[in-house]
Amino acid sequence: MAKTFRCQIVTPTAEMFDGDVTYVDLPAWDGQMGVMSSRAAMLVSLGAGRLRLEMGSGGRREFVLSDGFAQMDQDTLTLLTEVAEPAESIDAADAERELAAANADLARSQDGRPRGPEAIEEIAKRQRLAMVRRSVARGRNAR
């Protein structure tokens with residue numbers, strides 16, 4: 001049996017998870033990253049993506065994360081994130097609507113002027129999150 005370690009997921013409004021896991025697949029800003037027990041200390045930026053937890057008691061949990069940081073210190077992985085949404089609570093139709101709205105916002109100009117870089121980045125962030133949510137919901141429904 002694989003050795004467990006503690007994992008915590010915290011948002012500005014709630015603690016979303018605190019438990020023992022054997023493996024975590026997290027969305028670092030530059031790609032997916034795996035974490036196991038006894039890993040060296042680290043601090044990484046999180047991007048938008050799927051978080052997979054292999055539970056110490058068996059089974060798996062999935063979340064959608066967006067932005068924040070992951071820190072591994074003394075066999076405890078702490079994820080501080082803006083968004084942590086359990087996969088089972090995501091509705092595929094809602095995710096499709098969010099993506100369509102973000103795409104429409106990107107296509108629309110502001111009073112005939114091009115959008116500024118900050119507005120474009122904010123819309124791109126919404127698009128990425130909606131695409132991840134849609135992907136997770138579709139994957140869950142396919143099982």
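We did not get these values from a lab; they are worked out from the coordinates using the rules stated. The structure presented is a predicted model; accordingly, all values stated were derived computationally and were not measured. Glycine also receives a Cβ, built like all others from the backbone with ideal geometry; neighbour counts cover every protein chain displayed.
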Can you give the Kirkwood hydrodynamic radius for the range 5-87, in Å, rounded to one decimal and based on Cα pairs?
-> 12.2
Excluding Asp25 itself, calculate the net charge of residues whose Cβ lies under 15 Å from the Cβ of Asp25, where each Lys or Arg counts +1 and each Asp or Glu counts -1.
-> +2
Calculated from DSSP H runs of 4 or more alone, at -39500 (n - 2.57) each and per residue, what is the 222 nm mean residue ellipticity of the chain, nearest 500?
-> -10000 deg cm²/dmol
Would you mind checking the range 1-33 for residues with the amide N under 20 Å from a putative spin-label position 7 Å along Cα→C-beta of Arg60?
-> 1-9, 17-28, 31-33
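Give the calculated FRET efficiency between Asp94 and Asp73 to the nearest 0.05, with a Förster radius of 41 Å applied to their Cβ-Cβ distance.
Working: r = 36 Å, r/R0 = 0.87.
In this case the efficiency is close to 0.70.
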Under 12 Å, Cβ to Cβ, from Arg6 - net charge with Lys/Arg +1 and Asp/Glu -1 = -3
Hz values of 3J(HN,Hα) by residue in the range 115-122 - Karplus curve (6.51, -1.76, 1.60), Gly and Pro given as x | 6, x, x, 5, 5, 5, 5, 5
